[in-house]
Each structure stands twice: as structure tokens, then as C-alpha cells.
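All remarks here apply to the structure that follows.
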Amino acid sequence: MIRLRDVTWHHGALPNEGQATLRNISLAIPQGGFRWLLGPSGAGKSTLLRLLHMEALPRSGDMEILGTEIGSRSKRSTLARLRQRIGMIHQDFRLMPTLSVADNIALPLRLQKRMEGEISQEVDALLDWLGLVERKKARPVELSGGEQQRTAIARAVIMRPSLLLADEPTNALEDSQAARVIGMLRELSDLGTTVIVATHNDTLVQRFPAPALQLRQGRLFADE
Amino acid sequence: MNKHKRVRDGLALSRALPDRSLLTMVAAMSLLIALTFTAAVGAQSLSERWARGAANLITVQVPDPDKTPVTDSHTTGGTRIEAVLGTLKTAPDIVQLHRLDEQELDALLKPWLGNTGTAALPLPAVIEVDLTPGGVLSDDLVSTLTTIAPGTLVEKNDDWRSQLHTVARSLLFCAGLAIALVGTIGAAVIGMATRLGLGSRRESVTILHELGASDGYVARRFASRVAFLSFLGGLAGTLVSLPPIAILTHLMAPFSGNIPSTMQNGESWLSILKASLIAFWQGAAPQSLLIGLGCIPFVVTLIGWFTAQVIVRVWLRRLP
Ligand SMILES: Nc1ncnc2c1ncn2[C@@H]1O[C@H](COP(=O)(O)OP(=O)(O)OP(=O)(O)O)[C@@H](O)[C@H]1O
Ligand SMILES: [Mg+2]
């Protein structure tokens, strides 16, 4: 369960209402729900996803992620454990520059101290599914934008997250590949993962109908 | 340390930290600590020995030395000083007896009486008694002496001894302070190196944090690398300190009552070093010194570990 009530966020410490990036956001998404996150550039989509990923904490309002109340007084170890259950595909991918594609994808499982045998099985399956087998030893700088994006997608889903946050996860992919990826994210939500996908791609939205969260200038308009 | 199984979490710490400068600095600190510690142990053992020496020297003052002794058992017609000397000669634990002659008394009293000479004054006779180590003048003996020659003073050198102890304690305190200071500077250097490593891995650390790595995990990764480097530095510094320390203990041996030094004039430094190292190896150095030196790499390792832990955990606080 994801629940936000009256959440506000702005850059810097001082509240400056006119320039707040997110204003009075309230929403509730049940476990296993799928939501599109739509809105023009600069509306605050990435900021909202970063907030849900707890890369920043709300300046005001209440936030509940996967059943846990989040605030400035939350224990750091609690937040770390929650993050291990959240998959995030950043708009700028955020791959580990020193690691190969395979090691980047394996990272969440390594942090959970899974057995190496199990890890390589999961990694190989995803590499195969995303067409990255030949690039598995390459470093992020050696990859095309689409390859980087597919690596980021694989890293976000490999530990079967309870919450998946995807920030324009298909903008560097071909249409057919994009559709496959969104199809997989839909399947994940059918299996119980809550999925939120920010996108500009109207064709995809029409092809995979789902409730949408509309952001405009930091305000949320839900059309369900 | 994960030397065999590389941790593939992207931190690549073997290339993130200023390895060589950290190692060199920690080695230099360890060398300083080792030398300071050796000096402290040396000063301690010398002062102990001198204090023991002071305790072994006792002065006995006999007033009116030329009068006849009081007791009837010594009515052989001698003087009090002869009777006292006779009694002392029969006592156990005494290595040497020496009655100060007039010139020695003059020299002793000069600071108080000037050059006027002592002949005019009714001075007591002074006997220096050299006791075996640990030996004492029994109370019985002292009371016998005062009976033979009333007013006899037996003066133990307790003042001396306590002053020596004070000096030794002050020296130890200074050495402790110096070691603590060097340790603190070392921690600061290690802290700065850790901070530098964090700076160069800022992106990777942030990504790990976002993937759910705990503060403990990241801190542990940095701390074990830093501790490993500190250990190497500590080991290197301590090893480098061994030759000078071996020479020092070798040279000090005759003063602190250990194996006599076999050094001769004109001996080359190389052969001195060789002899010193051999003696050191064979146990010429006090055990407390060896234990202390052996602890240095481990203490430095601990300092490195804790410093890195604190620095990393504080740095991570900027990420929610
Ligand atoms: N750390 C920050 N410091 C200052 N301003 C910020 C910060 N993060 C976001 N903003 C501001 O918040 C607004 C929303 O940014 P955000 O990246 O969330 O938009 P978006 O909806 O993801 O846009 P796009 O579709 O282009 O990715 C922008 O105007 C941006 O300048
Ligand atoms: Mg964005």
C-alpha cells in the first residue's frame, strides 16, 4: 500500500510556496496496482518518484510506503530495508560505472547476500530476455542509451520488488521493445508488485490502459 | 579483507583510497609511536634501577665519635665510632662500609659552611653503608647502634627514591601524551584519507544507498579497507623501528643491569647493528617492550577501523 496525504516538497530548507515542486499531493495505491504517471516536462514526475523511493523526504504531509510510515524520524535501517524492496528505474539510469552489465544487474541480489549460483541464474535469464547477453561484460560507458536503459530495467526487477518505480523507462527503446517492457511491468503488477510508470509516450498509455496520475505544476489530478 | 573474493559492489575501494600516502603516513606514525614507547620503557627501567641503587645506600651519623661507647659489653676501651663500625661489620646484607674522612666531610658540607673548614665544629662521623640489593638494616641493629652511641641517626634515602619515581612517572606521562597525540594525528590523517575516498566514490556510494545498502554495510566496506592499509602501515613502521630500537636496548643494557654490552671502540655500525639485532632476537629487550611493540600494528588497525566507520557514517547522513 502506498499512501500520501498533503505531501509537499521543495528544494532547499525554506518553504517557498510559489516554487514548491510538489504541492499538497494526496494519493493511495493498493498493493499490486498499476499507475501511469503523466504530465508535461517539469511537472514534478521525477521528483514524486524520488520521494516515493525515499531519496528525499517530504517537507510536510504524511507518507506511507509499503505499509510503513515515513518521516524525518524514521530509522535509517528501516529506510534501507524498505529500499531493498523497491525497484527504481531512474530517468538517467544511474548504473554503477565500475561494474559490468551483469554485475550491475546482480547488485541488488548481492546486497541481499543471495547465493552466487542463484544470482547468476537470475542474471542470465534477464540478460537473455532483454537481449543483453552479448553485452554482459561491457561497462556502462561502452553501452548505447537503449542498452543502458535495459540494464537499469533488469536491475530494478531482478529482486522481484514489492514496489516498482519507473521514470520514463522506455524512452530510449524501440517501440516493440518498449511494449514488451511495459507488458512485463503489467505482469509484475498482476503478480502483486505495485507499479508506477512515468511516461510521455501516449501510444503506450493507450495500448496498456490503466489508471493515471496527472501531474501539472506540482499538483496532482487523478483521473480514474 | 576480501583479497581472495573481490566484492563486486562497484565501490572498487582498492582504487578509491590514497593507498600509498595513507600507508606511508600510518607507517611514519607507527615508527614514532614505537620509538616513543621504547624511550618510555627505557626511562622506566633506568629509573627503577637507580631507585633501587639509592635504596641500597644508607648513611649512618654518629655524634661524639671519639667518646667511649655506653654499653658494658664493649668496654674494650675503643671509641663509639669503632664500636658502631664493629657492630655493623657483623650485620648481614652489607657489601661495604666506608667512613667519610675529613676531606670528604668538608666537600659534603661546603655548600652550607663555606670554606671556613670543619675542624672547629663538633661534627658527627658519617658512615656510608652499601647494602646488597633488597637488603635492609634490621630495627634491632639500629637500636643496638643508638644504645652504643646515643643520638646515632640512620638515614635511608627515601627522598631520593621518591624523587626518582616522580621523575620516572613524569617521563612516562610525557611519553603517554606524545603517543596519544601521535595517535590522534594518525586518526585525523586516516579520517581525511577516508573522506577523500568517499569523495571519489560519491556516485557509487549514492547508488548503493539507493539500492538499499545499509549505513553499516558501506561503513564496513570502507573500514575494512582502511583497517587493512593501517595494519600494513603499522607493521611497516614497527619493523623499520626495530633496528634503532635494538641498538638502543643494546647500548642501554649495561645501565639497566641486563646482559653486558660487548661494544668496543672503533667497531663499525654494521657490526653493532648485527650484534644488537642478534641480542634483541635472543631476548635482550624487556618483555614489556616486545609486547608493546607487537601491539602497535593492531592498535593502529583498530584506530583505522573506528575512524573510517565514524567518517563514513557521518558522511552518509547527507543521504536520507
Ligand atoms: N534538486 C532540485 N533542485 C532544484 N529544483 C529541482 C530539484 N529537483 C527538481 N527540481 C525542480 O522541480 C521541477 C520538476 O522537476 P522533475 O524532474 O520532477 O520534472 P519531470 O516531471 O520529471 O520532468 P521531465 O518530464 O522533463 O522529466 C523542475 O522545475 C525542477 O527544476
Ligand atoms: Mg523526469
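Rule-based calculations on the coordinates, nothing more; no lab input. Fair warning: this is a prediction, and the values are worked out from it, not measured in the lab. Every residue, glycine as well, gets a Cβ built from its backbone with ideal geometry; the counts of neighbours run over all protein chains shown.
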Volume in Å³ per residue [convex hull over Cα atoms, computed for the stretch A:138-200]: 81 Å³
Peptide A:76-88 - average C-beta neighbours from other chains (10 Å radius): 4
Listed residue pairs exceeding 28 Å between alpha carbons, taken from A:45/A:136; A:45/A:75; A:45/A:113: A:45/A:136; A:45/A:113
q = 0.07, 0.11 Å⁻¹: log10 I(q)/I(0) that the Debye formula gives for chain A, counting C-alpha atoms only: -0.22, -0.54
Segments A:121-134, B:191-204, B:224-237 sorted - mean Cβ within 10 Å per residue, highest first: B:224-237, B:191-204, A:121-134
Ascending count of other beta-carbon atoms within 10 Å, so fewest first, for B:19, B:130, A:92: A:92, B:130, B:19
Residue order, fewest to most surrounding Cβ atoms within 10 angstrom, among B:37, B:173, A:208: B:173, A:208, B:37
Formal net charge of residues neighbouring residue A:180 (Cβ-Cβ distance under 12 Å; K, R +1; D, E -1): 0
Fewest-first sequence of B:166, B:146 by Cβ atoms within 10 Å of each Cβ: B:166, B:146
Semi-axes of the equivalent ellipsoid for the protein assembly as shown, Cα gyration tensor, largest first, Å: 87, 26, 17
Per-residue mean of C-beta atoms belonging to partner chains within 10 Å, peptide B:211-221: 5
For the stretch A:97-159: rounded, prolate or oblate by the Cα gyration tensor [a/c cutoff 1.5]: prolate
